Amino acid sequence: EAQVTQNPRYLITVTGKKLTVTCSQNMNHEYMSWYRQDPGLGLRQIYYSMNVEVTDKGDVPEGYKVSRKEKRNFPLILESPSPNQTSLYFCASSYRGRTDTQYFGPGTRLTVL
Amino acid sequence: GENVEQHPSTLSVQEGDSAVIKCTYSDSASNYFPWYKQELGKRPQLIIDIRSNVGEKKDQRIAVTLNKTAKHFSLHITETQPEDSAVYFCAASDYAGKSTFGDGTTLTVKP
């Protein structure tokens, strides 16, 4: 089944404890992206990747890191999480990226205490 | 950078009526305008999209119009049904891969 998967789905952590949210797609998509969703603010793009080893900042990249070593995986790293990073995170992928349908993962609800 | 404004933030209609949601964008480099539907507790899913070389696109009860000159695009849902109740997001994307979303419209269809 073609899909985007994220792990973990739910995470409660404490300030400063490094964490990684994984994202994987099995559709051979070139483009992958991370978003955060906060009430009343829609989806805001954190980072995106047009292909392997190519990543770019979105609108809200501060406090996050990403890497794209393989086509299928695009992990989101929070090196020192803070409470203002408490949010719902979505990973998405699309075939070519620029003008293509994005398929979203199920979301990761992160709480930073 | 790109700025996308979406209106209204909430919309309530009677079943069978039409619903219209409007978005404006600021960056003339944007060339792809998708609309996503997000049901409560679920992921966003594409319902329709339009590219900058097209003025209108229709898929059954859903249509999208784009006015490049005025930098605005709209979602039209006709003959609304209770299952259309959800949050709808517009977005604008450019060739570089950046995507900017509107803040969403909560549509409620009353039976």
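Averaged over the residues of B:88-98, the number of partner chain Cβ atoms lying within 10 Å of the residue Cβ comes to 5. Which shape class applies to chain A: rounded if a/c is under 1.5, otherwise prolate when a/b exceeds b/c and oblate if not, where a ≥ b ≥ c are the square roots of the Cα gyration tensor eigenvalues? The shape class here is prolate. For chain A, the residue among A:Ala2, A:Phe74, A:Thr111 whose Cα projects farthest onto the positive side of the dipole built from Cβ charges is A:Thr111. Given R₀ = 22 Å, FRET efficiency for A:Met27-A:Arg109 by Cβ-Cβ distance, to 0.05? After rounding to 0.05, the efficiency reads 0.35. Partner shielding of A:51-59 amounts to 2, given as the average count of beta-carbon atoms from other chains within 10 Å of each residue beta-carbon. Computed in the context of the full set of protein chains, the accessible area of chain A at 1.4 Å probe radius has 49% of its extent on carbon or sulfur. The residues packed around A:Val52, meaning those with a beta-carbon under 10 Å from its beta-carbon, carry a net charge of +1 if Lys and Arg are +1 and Asp and Glu are -1. When the square roots of the Cα gyration tensor eigenvalues are ordered a ≥ b ≥ c, the ratio a/c for chain B is 1.5 or more and a/b exceeds b/c, which makes its shape prolate. Per-residue mean of foreign Cβ neighbours for A:35-46 is 5 (Cβ atoms of other chains, 10 Å radius). Scalar couplings 3J(HN,Hα) for segment B:42-55, obtained by applying the Karplus form with A = 6.51, B = -1.76, C = 1.60 to θ = phi - 60°, are 10, 7, x, 9, 5, 10, 6, 9, 8, 9, 5, 8, 10, x Hz; x denotes Gly and Pro. For segment B:89-111 and segment A:52-113, what is the separation of their Cα centres, given in Å? Centre-to-centre (Cα) distance: 18 Å.
Please work out whether the protein assembly as shown counts as rounded, prolate or oblate from its C-alpha gyration tensor, where a ≥ b ≥ c are the square roots of the eigenvalues and a/c under 1.5 means rounded, while otherwise a/b larger than b/c means prolate and anything else oblate? Cα axes put the protein assembly as shown in the prolate bin. Multiplying the residue separation of B:Arg61 and B:Gln45 by 0.36 nm and removing their Cα-Cα distance gives an extension gain of 4.1 nm. Charged side chains reduced to their Cβ positions (Lys and Arg at +1, Asp and Glu at -1) give chain A a dipole of some 180 debye around its Cα centre.
The values are calculated or read from the model by the stated rules, or taken from the named source; none is laboratory data. As the structure is a prediction and not an experimental result, all values here were calculated from the model. Using ideal geometry, Cβ is built from the backbone for each residue, glycine included, and neighbour counts are taken over all protein chains shown. Ligands, DNA and RNA are excluded from the accessible area calculation, which covers all protein heavy atoms including side chains. Shrake-Rupley method; radii C 1.70, N 1.55, O 1.52, S 1.80 Å.
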